[in-house]
Amino acid sequence: MAKLIYSAITSLDGYIEDAEGKFDWAEPDEEVHAFVNDLERPVGTYLYGRRMYETMVFWESPPELIAHPRFVQDFAGIWQRADQIVYSRTLQTAISAKTLTERRFDPEAIRQLKAKAGADLSVGGAALAAQAIKAGLVDEYQLFLVPVVVGGGKRSLPGNDVQVNLELLDQRRFRNGTVYLHYRTRS
């Protein structure tokens, strides 16, 4: 059975974007980006909400990709090879290849997808991830804690209405102060 992985870059105080909706403080440097590439390489399908999809669709055809560093080119290829499912009531048409649009998030459909998928799935975007976490669908968490406190914004994890017990599988500190934490959901 494929795993559903929630991967997020978050501030030390637990936000994926600040109160103004900005996340420029979260841009990974080369070392972190290359590590993320290695984590994302085996993912076969990305599950996104509309806003996260609109951010990530940049990777479908980045302008002047050849002028970017190799690690950026690598990520573009990783993203382009994977399928995407976008959960949105407002997005009329996906503008990227290999992309399916679903009008609602159906936990049972995700369970079935996990059962038949040949590669792991990744859920992106805090709101969609919160739905998956609350439904008990997320198997692993890959969190990158950036050494910044933003004081508010969009939380990376759901609030006080859910509890998930986790087991630490791996950790890593990067030169820029970012810390990677990899957890598995405990039964």
Hey, Val138 assigned to a loop (DSSP other than H, G, I, E, B), in contact (Cβ under 8 Å) with a residue 12 or more places away in the chain and either more than 23 Å from Arg41 (Cα to Cα) or in contact with a Gly (Cβ under 6 Å, 6 or more places away or on another chain) (or both) or not
no
Tell me, yes or no, whether segment 43-52 has at least one residue that is among the basic types (Lys, Arg), in contact (Cβ under 8 Å) with a residue 24 or more places away in the chain and surrounded by 13 or more Cβ atoms within 10 Å (Cβ to Cβ).
yes
Which strands (runs of 3 or more DSSP E) sit wholly inside segment 32-131 and have at least 3 residues that are hydrophobic (A, V, I, L, M, F, W, C)?
none
Those residues of segment 153-187 which are open to solvent by less than 70 Å² (accessible area, probe 1.4 Å) and not in a strand (DSSP E or B) amount to Ser156, Leu157, Pro158, Gly159, Val162, Val164, Phe174, Asn176, Gly177, Thr178
Which pairs have Cβ atoms under 8 Å, sit 6 or more apart or on different chains, and link a residue in segment 158-184 that is within 18 Å of Phe144 (Cβ to Cβ) to one that is open to solvent by 100 Å² or more (accessible area, probe 1.4 Å) and part of a strand (DSSP E or B)?
Val179/Gln171; Val179/Arg173; Tyr180/Gln171; Tyr180/Arg173; Leu181/Gln171; His182/Gln171
Looking at segment 141-149, is at least one residue without any contact (Cβ under 8 Å) to a residue 40 or more places away in the chain and not in a helix (DSSP H, G or I)?
no
Quick one: in segment 136-147, of everything that is buried (at least 16 other Cβ atoms within 10 Å of the Cβ) and of a type outside the set (Phe, Trp, Tyr), which residue is farthest from Arg172 (Cα to Cα)?
Leu137
Residue within segment 111-122 that is surrounded by fewer than 16 Cβ atoms within 10 Å (Cβ to Cβ) and touching a helix residue (DSSP H, G or I) at 6+ places or on another chain (Cβ under 9 Å) present
no
Restricting segment 91-113 to residues that are under 21 Å from Gly77 (Cα atoms) and not aliphatic (A, V, I, L, M), the one modelled with the lowest pLDDT turns out to be Ser96
Given the criteria among the aliphatic types (A, V, I, L, M) and surrounded by 14 or more Cβ atoms within 10 Å (Cβ to Cβ), does Ala130 qualify?
yes
Taking the conditions exactly as written (surrounded by fewer than 19 Cβ atoms within 10 Å (Cβ to Cβ), touching a strand residue (DSSP E or B) at 6+ places or on another chain (Cβ under 7 Å) and not charged (D, E, K, R)), does Val150 satisfy them or not?
no
Among residues belonging to segment 2-40 that are touching a Pro at 6+ places or on another chain (Cβ under 8 Å) and among the β-branched types (Val, Ile, Thr), point out the one that is farthest from Lys114 (Cα to Cα).
Ile9
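The values are calculated or read from the model by the stated rules, or taken from the named source; none is laboratory data. Owing to the predicted nature of the structure, the values given are computational and were not obtained by experimental measurement. Please note: Cβ atoms are built from the backbone with ideal geometry, for glycine as well, and neighbour counts cover all protein chains shown. Please note that ligands, DNA and RNA were not included when accessible areas were found on the heavy atoms of the full protein model with its side chains. Shrake-Rupley method; radii C 1.70, N 1.55, O 1.52, S 1.80 Å.
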